[in-house]
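The values are calculated or read from the model by the stated rules, or taken from the named source; none is laboratory data. Computed from a predicted model, the values in this text were never measured in an experiment. As a convention, Cβ positions derive from the backbone with ideal geometry for all residues, glycine included, and neighbour counts pool all protein chains shown. The area values use the complete protein model at the heavy-atom level, side chains included, leaving out ligands, DNA and RNA. Shrake-Rupley method; radii C 1.70, N 1.55, O 1.52, S 1.80 Å.
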Amino acid sequence: MNIIQNNFFTIENISLASTIMANFILIIVIGLRNNKSRNNKFFLGFISSIFAWTISTLAFLVTSGNWAYFSAQMFYVSGCIIPVFIILFAETFPRQELHYSKLKLWLFLTFPTIICISALIPGWVVKGTGMDGLYKTIIYGPGYGILFGYIAIYFTIALALMFKKYIQLKGIEKKQVEIIGISVYFATFSALCVSLVMP
């Protein structure tokens, strides 16, 4: 049985492969910087989670059988991590301060952790994979609605934090937040469409 399907060289797959390479280079550049700030670490986590998300997306599209099923699970696990790092990055930008008590941080991280673990339970979020004509699709399990709600809520929180920072800051920092906020908005819209609607 072929693990990799024959139709690898499609526009979608080539675009994903290019994105993976761009993210990989960005991870190296950020990782090589001698910057131990929380902001830098959270941004690196954000890029790394996108890197994992694009890899799992490509793997789902070009593999079959158990590999495609596992890739679909990892598609949602990595996708659930992305908004966590966006929120932490937004909270610490630009002052490097995270005003979370240990209890608040524990509560903030517990729910995403549970969601990620549940996404790996066979049949809970991803029930299976199939074909709709020429397109590969994901068959959802009963836990998909909870995951959908989590992603929508956490991305909304991330966007709200970026807007709050934009109102509070001035000068170059305000412009930086504007650029980052617009990028996060389009990334959120694309992620929701690709991850939650189109499949």
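Worth a mention:
- Every pair of residues 6+ apart whose Cβ atoms lie under 7 Å, when the first sits in the stretch 22-49 and is in contact (Cβ under 8 Å) with a residue 60 or more places away in the chain while the second is open to solvent by less than 80 Å² (accessible area, probe 1.4 Å): Arg38/Thr92; Arg38/Gln96; Arg38/Leu98
- Of Leu107, Leu103, Leu98, Leu61, all but one fail to be open to solvent by 20 Å² or more (accessible area, probe 1.4 Å), modelled with pLDDT under 90, assigned to a loop (DSSP other than H, G, I, E, B) and among the hydrophobic types (A, V, I, L, M, F, W, C); the exception is Leu98.
- Qualifying position, being modelled with pLDDT of 90 or more, open to solvent by less than 90 Å² (accessible area, probe 1.4 Å) and not acidic (Asp, Glu), among Gly128, Gly133, Gly79: Gly128
- For beta carbons closer than 8 Å, sequence separation of 6+ or different chains, a first residue in the stretch 134-157 that is over 28 Å from Thr10 (Cα atoms) and a second that is open to solvent by 70 Å² or more (accessible area, probe 1.4 Å) and charged (D, E, K, R), the qualifying pairs are Gly141/Lys127.
- Taken as a whole, the stretch 158-173 holds no residue that is over 15 Å from the mean Cα position of the chain (by Cα), among the aromatic types (Phe, Trp, Tyr), closer than 21 Å to Tyr76 by Cβ and at pLDDT 75 or above.
- Every condition in (1) assigned to a loop (DSSP other than H, G, I, E, B); (2) within 20 Å of the chain's Cα centre (by Cα); (3) small (Gly, Ala, Ser) holds for Gly123 except the one numbered (2).
- Qualifying residue in the stretch 20-32 (condition: open to solvent by 50 Å² or more (accessible area, probe 1.4 Å) and either closer than 30 Å to Gly143 by Cα or basic (Lys, Arg) (or both)): no
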